[in-house]
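In what follows, a structure is listed as structure tokens, so that the remarks can point back to it.
Each reported figure results from applying straightforward, stated rules to the coordinates on display, with no laboratory input. Treat the numbers as computed from the prediction; the structure is a model and nothing was measured. Note: ideal-geometry Cβ built from the backbone for every residue, glycine included; neighbour counts use all protein chains shown.
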Amino acid sequence: MSLTCEHITKVYGGREVLKDVSLTLEPGKIYGLIGRNGAGKTTLLSILTAQNPATRGTVAVDGEPVWENRKALERLCFSRELNVGAESGIAAIKVKEYLRIAATYYAGWDKEMEKRLVALFELDGKKKLGKLSKGMLSMVTIIVAMCSKAPYTLLDEPVAGLDVVAREQFYKLLLEEYAATGRTFVISTHIIEEAADVLEEVIILHEGRVLLMEDTQALLERVRYVSGKAEEVDAAVAGLEVHHPETLGRSKGVTVFLKPGQQVEESRDVSVQLVNLQKAFVALCGEEERHEA
Amino acid sequence: MNEQLTEQKSIYLQISEMIETDILRGILLEEEQVPSTNELAKLYTINPATAAKGINLLVDEGILYKRRGIGMFVSPGARGKILEKRRAAFARDHIAPLLAEAKSLGITREELLDMIREREL
Amino acid sequence: MKRNLRFWVRYTWEGMQMVLIVLAIFLVLSAVGASRLELTALAAAAPAYLLLAAGLTTIMLNYGTQVVYIPLLISMGETRRNLFLGYHFYRALIIAAAVGLSALVWALVPGEISRLGLSNIPAILALLVTSASLGSIMGTIYFKWKWVATILLVAVFGACGGVGGFSIAGGGEDVARLVGKGAAFLAKFPWWVALAALLALAADAAFHWLLLRRQEVRL
């Protein structure tokens, strides 16, 4: 029982967007997929749900291959981010019609929930998708994801364009639905810090590769920000995995990722702080080169 | 149960400490039910697994106990246990940083003791 | 597949609404153009307009379907195979409905036109399948490589216009005689018309399926 992909590679016009990605997503968890723009998040989610073909590699859900397999696809929902421009074909579709088509195709569609959420988000069903703001389009994708009732539900940037109140509403809704059903959710997002506490596991995708996949809280427990006088800091983190050093005059700050049994040298006169997921992410995927101290 | 979460401590530890503090302050009474994992998850917008980890920590310490099919309850004698635990941790959590800061400021042992004496408890 | 069929039947109904609107426009135009209103003649002519409207609709709708519905439905978890079948089912349904309705009207309204129409049903069917398939191939090309399709469209329409202009300027044949010739040709229903229809359909299906297999969803 899992959503699994093995050795997924995707090539677009000679460029490898995904490089040998293998993942196992277990049922009953909320996963976060984070990565910089162009890291391959949307491509990965599309391939996991057979919306785009992979150049190489296989995807299976609960043991069934997903490609051209209606039975497997019924267990999945990938509610795409809607970028409805003037060029977009779906711009002329009304919200009501879009939801009606979704209701036709998703076997477990929850009509009651649809009504409740349309009212909660104050969406006008008669409006065309092309006339909606980015935030309203996100609400439509959230409604499709929630009402599909698919055991594995994937959301791409579900909070893009939502104001802070609506974002909070979304996370509460997600937790409520998760508590009630135990469905698996995968959420890709740029607004990392708000989502961090909701995500049981985090998957960091960087330049087409899975850099890290770990229990979010366990990850945060092993990351430290060490700062102080440069020599003291260097001595304190000697032999540790150091990322993203920043210096200002004599002072220096580094982010360290501890391995089991490791710790920051306590006798040194340095400040040792915990970091949040966003800072850990920037330390891993930021511009600066990584080096071993 | 309505404190804010901070970044500088693991969330599950903060959850368990908040429940402890509520028990110390008489907000949660012995033999009373504590909020469920899902209620805590929704209140703090955190993953239920994290909330459960915080609660399980208290179960392991005998501060909470589980009634099958109903939920988690405050154990009899929980308040005493928490007091004892916090007292034991007082020196490490509060005295040690106090001494370290005094040392880096050049405050002597006698000066420090005087400062404490001047204050009322 | 049941859900998929439900969608396409509904979509066919929406497509038929378009056919009926085009038909209504044709009928109004011809009623206004006629010197005196003769209901029987109009009724006997209506199927011709219906078939023309259905032909135009099936030629046009491919592109819209590929741009809007196929990616949308893939994104909602339908297989490419089912969508391929659904699309061809929907097109067949429109053609069948138009031909069936025409045959019914001609059977009910007596007269020379009706007799001619009824005897030409197989040929009409073949022509509709051919035009729909060629239109669909064009739509697929347009969807995938816009500039190639634009060049093709200009070339095809240019050639048609040129040939048409030459024949009218040179031969001086009037439209009525051309229609008469066309009807006579249809009545013969040469074997290669049927073959062309089958080939066009096969080419359309193969081309569509090949591209559908590789289609990427972008909404």
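Some points to look at:
- C-alpha center-to-center spacing [the stretch A:136-156, the stretch B:101-121] in angstrom: 59
- Inter-chain Cβ neighbour average for residues A:96-105, partner chain, 10 Å: 4
- With neighbours defined as other Cβ atoms within 10 Å of a residue's Cβ, the residues A:Asp163, C:Asp204 order from fewest to most as A:Asp163, C:Asp204.
- Among beta bridges identified by DSSP and lying wholly in chain A, the antiparallel ones come to about 70 percent.
- Taking a ≥ b ≥ c as the square roots of the Cα gyration tensor eigenvalues, the protein assembly as shown comes out prolate, since a/c reaches at least 1.5 and a/b is larger than b/c.
- For the stretch A:3-214, relative contact order (Cα pairs under 8 Å, six or more residues apart, normalised by length) works out to 30 percent.
- Cα-projected label distance for B:Lys85 with C:Ile151, points at 7 Å along beta-carbon direction, nm: 7.7
- Take each peptide in C:155-161, B:34-40, C:131-137, B:74-80, count the other Cβ atoms within 10 Å of every residue, and average; sorted highest first, the result is C:131-137, B:34-40, B:74-80, C:155-161.
- Selection from A:Ala280, A:Val270, A:Val242, by position along the positive dipole direction of the stretch A:222-285 (Cβ): A:Ala280
- Per residue, the average separation of C-alpha pairs within less than 8 Å and at least 6 apart gives the stretch A:222-285 a relative contact order of 44 percent.
- Nearby aspartates and glutamates by direct alpha-carbon distance to A:Lys128 (threshold 18 angstrom, same-chain neighbours under 8 apart not counted): A:Glu81, A:Glu87, A:Glu97, A:Glu114, C:Glu14
- Relative contact order %, chain C, counting alpha carbon pairs below 8 Å whose residues are six or more apart: 28
- Positive contributions from Lys and Arg (+1) and negative ones from Asp and Glu (-1), summed over other residues with Cβ under 15 Å from the Cβ of C:Ala123, come out at +3.
- ³J(HN,Hα) computed for each position of the stretch C:89-103 - Karplus, 6.51 cos²θ - 1.76 cosθ + 1.60, integer Hz, glycine/proline x: 4, 5, 5, 4, 5, 5, 5, 4, 5, 5, 5, x, 5, 4, 4
- Count Lys and Arg as plus one, Asp and Glu as minus one, and take only other residues whose Cβ is under 11 Å from that of A:Arg100; the net charge is then +3.
- Among the listed pairs A:Lys111/B:Lys53; A:Lys41/A:Lys126; A:Lys111/C:Lys2; A:Lys19/A:Lys134, a Cα-Cα separation exceeding 23 Å is found for A:Lys111/B:Lys53; A:Lys41/A:Lys126; A:Lys19/A:Lys134.
- Per-residue Cβ neighbour rank within 10 angstrom, fewest leading, A:Lys229, C:Lys181: C:Lys181, A:Lys229
- Furthest towards positive pole of dipole, A:Leu23, A:Tyr105, A:Ala145, structure part chain A, Cβ charges: A:Tyr105
- Among A:182-192, A:4-14, B:107-117, the order from most to least packed when residues are scored by Cβ within 10 Å on average: A:182-192, A:4-14, B:107-117
- Sequence-distant aspartates and glutamates (8 or more away, or on other chains) whose Cα lies within less than 13 Å of C:Lys144: C:Glu216
- Rounded to the nearest 20 debye, dipole of the stretch B:34-121 from Cβ charges on Lys, Arg, Asp, Glu: 600
- Proximity of backbone amide H atoms, modeled 1.01 Å from N, is registered between A:Val198 and B:Asn47 at under 5 Å, excluding neighbours fewer than 5 places apart on the same chain.
- Positive contributions from Lys and Arg (+1) and negative ones from Asp and Glu (-1), summed over other residues with Cβ under 11 Å from the Cβ of C:Trp209, come out at +3.
- Considering only B:Val59, B:Leu43, B:Leu29, and ranking their Cα positions along the charge dipole of the stretch B:9-95 that arises from unit charges at the beta-carbon of Lys, Arg, Asp and Glu, the one farthest toward the positive end is B:Val59.
- Span from the the stretch C:78-155 Cα centroid across to the the stretch A:221-293 one, whole angstrom: 69
- Shielding score for A:176-185, defined as the mean number of other chain Cβ atoms within 10 Å: 2
- At R0 = 60 Å, FRET efficiency that the Cβ-Cβ distance of A:Glu246 and B:Asn38 yields, to 0.05: 0.90
- Annotation: amide H-H contacts under 5 Å for A:Ser2 (H modelled 1.01 Å from N, sequence separation of 5 or more, or interchain): A:Asp62, A:Gly63.
- Prolate is the label for the stretch C:24-138, because a/c, from the alpha-carbon gyration tensor with a ≥ b ≥ c as root eigenvalues, is 1.5 or above and a/b exceeds b/c.
- 3J(HN,Hα) along the stretch A:213-220: 9, 7, 4, 4, 5, 5, 4, 5 Hz, from the Karplus curve 6.51 cos²θ - 1.76 cosθ + 1.60 with θ = phi - 60°, whole Hz, x for Gly and Pro.
- In this structure, the amide hydrogen of A:Val17, modeled 1.01 Å from its nitrogen in the peptide plane, lies closer than 5 angstrom to those of A:Lys10, A:Val11, A:Tyr12, counting only residues at least 5 positions away or on a different chain.
- Here the 3J(HN,Hα) profile of the stretch A:154-166, calculated from phi with Karplus coefficients 6.51, -1.76 and 1.60 at θ = phi - 60°, is 10, 10, 9, 6, x, 9, 4, x, 7, 6, 4, 5, 5 Hz, Gly and Pro shown as x.
- C:Arg10/B:Thr6 FRET efficiency (R0 35 Å; Cβ-Cβ; nearest 0.05): 0.05
- Rounded if a/c under 1.5, otherwise prolate or oblate - the stretch A:3-214, Cα gyration tensor axes: rounded
- The stretch A:22-64 and the stretch B:1-61: distance between their alpha carbon centers, rounded to Å: 34
- Neighbouring partner chain Cβ atoms per residue of C:67-75, average, 10 Å criterion: 5
- Rounded to the nearest 20 debye, the dipole size of the protein assembly as shown about its Cα centre is 3060 debye, using +1 on the Cβ of Lys and Arg and -1 on the Cβ of Asp and Glu.
- Debye, to nearest 20: dipole size of chain C, +1 on Lys, Arg Cβ, -1 on Asp, Glu Cβ: 760
- Label separation (C:Ile21 vs A:Glu207): 5.3 nm, computed from points 7 Å beyond Cα along the C-beta direction.
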